[in-house]
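Take a look at the following structure, please.
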Amino acid sequence: MSPRTDIALPRLLAGMPAHGAVGLAEHRARGGELPYTTRRERRGAGALIELVEQAGLRGRGGAAFPVARKLRAVTAASGRTPLGKRPIVLANASEGEPASGKDRLLLESLPHLVLDGGVLAARAVGADELIVCVEASAAGALRNLTRALSERERAGGDELRIGIQTVPEGYVSGQESALVNLCSGGPAKPTLTPPMPFQRGVRRRPTLISNAETLAHLTLIARHGPRWFRALGTPADPGSALVTLSGAIAHPGVYEIEHGAPLPALIEAAGGASTALRAVLLGGYGGAWVDAGTVPELALSNDQLAAHGASLGAGVVVLLSEQACPVAETARVTRWLATESSGQCGPCIHGLDAIAGAIEELAHGAATAGAGERISRWCSLASGRGACRHPDGAVRFITSALEVFAEEFADHATHGRCDACASAPELPLPSRGQLAAAA
């Protein structure tokens, strides 16, 4: 018997064009009529949610929350709202994480895959409006998304309003409550919860917020079913995922992997490491470092990475070379994280700034005795507080760096700057030049 090809990779990225975006006609020719969305469709919203639950789909935005549970929460909340207050769906494609590019790629190349998922999610929760949130600097994604919406308007068939919300650049701008605030007419700043968005979100209506990649998976699950989805991945983390691979790698870019795939296999598929490795950052700047010595045993799924104190997060893998100074890299990113605060809460305004300053002193060899202990204590005080999880992610990044690079931090504390401090930075951070190029 020949092997089944319908479960092989790529799934999301199948047929991705070398340039431009897949148009609506080609998209529908490939996938056919979208199920669960037409008036004559007999299967209801409950059946769609059940399908998602059977598939075991988890969010791909970082938290890996079960999607069916989110759908049910919004549906339950909508039953308690006044007439005329139908739910809203937000497709979150705002990538404030500098090391991630997967959602931007989907909107640039396969916008209808994401839009179909948004339409399905709206059908599941009874929403009458879909808003796609895209970072203002993602010019290509905005351009191709706008074209895709024009195609759909001309073709007809979408029974809900679909719009675009541009999101200002910022690490916390894409946080759920920040998007709710922005789409309700306020600034893109996180707000205190509860109420949660599913209870009272955009314009005080129950709101489902789902990552762009998550919605793309929803489209494929509706077309192919939960057994097809679970044919890849692990029992706890079924399916495939998009990973943005960067750093000391021959061919950086966005790759689609099976959940549970060995990290060495991904590195090999990307042409191999460009030099000897010191460590790997998993999950982005709200994620965690692991020592390069553990690479042979790392499998890329949240359930298997948990044993190493890490997760895939938003699908970010950054390889750090032995030529880099991890102390200088940690100081540079921590200072950036501190400046990315929305300036609303003490743990960000004062805590992250103080931690960044202490790490900078260590990096420059100007730290006083006990600097490491102070940083650890301040991290414990900053975590778990504030209107959003920004301090939590920053603390996770910092504390894992202190552990994995303990030898380098101790050397800096004793001897000051090292030869590698003069090396070019390796961890990606946005700059004015990069933002201008993106525009």
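Kindly indicate which of 174, 156 is at pLDDT below 95, outside the structural domain of residue 344 (by TED's automatic domain parsing) and buried (at least 22 other Cβ atoms within 10 Å of the Cβ).
Selected residue: 174, the only one of 174, 156 that is at pLDDT below 95, outside the structural domain of residue 344 (by TED's automatic domain parsing) and buried (at least 22 other Cβ atoms within 10 Å of the Cβ).
Exactly one of these conditions fails for residue 181: (1) within 24 Å of residue 336 (Cα to Cα); (2) touching a residue at least 60 places away in the same chain (Cβ under 8 Å); (3) polar (S, T, N, Q). Give me its number.
(2)
Looking at residue 249 and the list (1) touching a strand residue (DSSP E or B) at 6+ places or on another chain (Cβ under 8 Å); (2) modelled with pLDDT under 95; (3) more than 25 Å from residue 71 (Cβ to Cβ); (4) of a type in the set (A, V, I, L, M), which single condition is not satisfied?
(2)
Same structure, new question: Given the structure, is residue 197 at pLDDT below 95, more than 23 Å from residue 126 (Cβ to Cβ) and either more than 20 Å from the chain's Cα centre (by Cα) or not charged (D, E, K, R) (or both)? Spell out the reasoning first.
Details: at pLDDT below 95: yes; more than 23 Å from residue 126 (Cβ to Cβ): no; either more than 20 Å from the chain's Cα centre (by Cα) or not charged (D, E, K, R) (or both): yes.
No: the conditions fail for residue 197.
I'd like to check which helices (runs of 4 or more DSSP H) are fully inside the stretch 89-178 and have at least 2 residues that are touching a Ser or Thr at 6+ places or on another chain (Cβ under 7 Å) and over 30 Å from residue 427 (Cα atoms).
Because the criterion is at least 2 residues that are touching a Ser or Thr at 6+ places or on another chain (Cβ under 7 Å) and over 30 Å from residue 427 (Cα atoms), the helices (runs of 4 or more DSSP H) in the stretch 89-178 that meet it are 111-125.
Which ones in the stretch 411-432 are aliphatic (A, V, I, L, M) and under 26 Å from residue 250 (Cα atoms)? Write out each step before concluding.
So in the stretch 411-432, the residues aliphatic (A, V, I, L, M) come out as 413, 420, 422, 424, 427, 429.
Within the stretch 411-432, 420, 422, 424, 427, 429 meet the criteria.
Please go through the stretch 61-86 and pick out each residue that is outside any helix (DSSP H, G or I) and modelled with pLDDT of 95 or more.
Listed by number, the list holds a single entry, 66.
Which ones in the stretch 90-125 are among the hydrophobic types (A, V, I, L, M, F, W, C) and within 21 Å of residue 143 (Cα to Cα)?
90, 91, 93, 105, 106, 107, 110, 113, 114, 115, 119
Then there's this: Restricting attention to the stretch 359-386, which residues are of a type in the set (Gly, Ala, Ser) and either surrounded by fewer than 20 Cβ atoms within 10 Å (Cβ to Cβ) or at positive phi (or both)?
365, 366, 369, 370, 371, 372, 376, 380, 383, 384, 386
Please state which one of 320, 337 is closer than 26 Å to residue 63 by Cβ and in contact with an Asp or Glu (Cβ under 7 Å, 6 or more places away or on another chain).
Of the residues listed, the single one that is closer than 26 Å to residue 63 by Cβ and in contact with an Asp or Glu (Cβ under 7 Å, 6 or more places away or on another chain) is 320.
Being farther than 15 Å from residue 216 by Cα, modelled with pLDDT under 95 and in contact with a Pro (Cβ under 7 Å, 6 or more places away or on another chain), is that true of even one residue in the stretch 20-41?
Taking every residue of the stretch 20-41 in turn, at least one turns out to be farther than 15 Å from residue 216 by Cα, modelled with pLDDT under 95 and in contact with a Pro (Cβ under 7 Å, 6 or more places away or on another chain).
What is the residue count in the stretch 398-413 for residues that are without any contact (Cβ under 8 Å) to a residue 12 or more places away in the chain and surrounded by 22 or more Cβ atoms within 10 Å (Cβ to Cβ)?
Of the residues in that region, 0 qualify.
For the condition on the phi > 0 side of the Ramachandran plot and not hydrophobic (A, V, I, L, M, F, W, C), what is the one hit in 140, 225, 174, 186? Step through it out loud before you land on a result.
Values: 140 fails: on the phi > 0 side of the Ramachandran plot; 174 fails: on the phi > 0 side of the Ramachandran plot; 186 fails: on the phi > 0 side of the Ramachandran plot.
It is 225.
The values are calculated or read from the model by the stated rules, or taken from the named source; none is laboratory data. For clarity, every value in this text was computed on a predicted model and none was experimentally measured. Neighbour counts run over all protein chains shown; Cβ positions are idealised from the backbone, glycine included.
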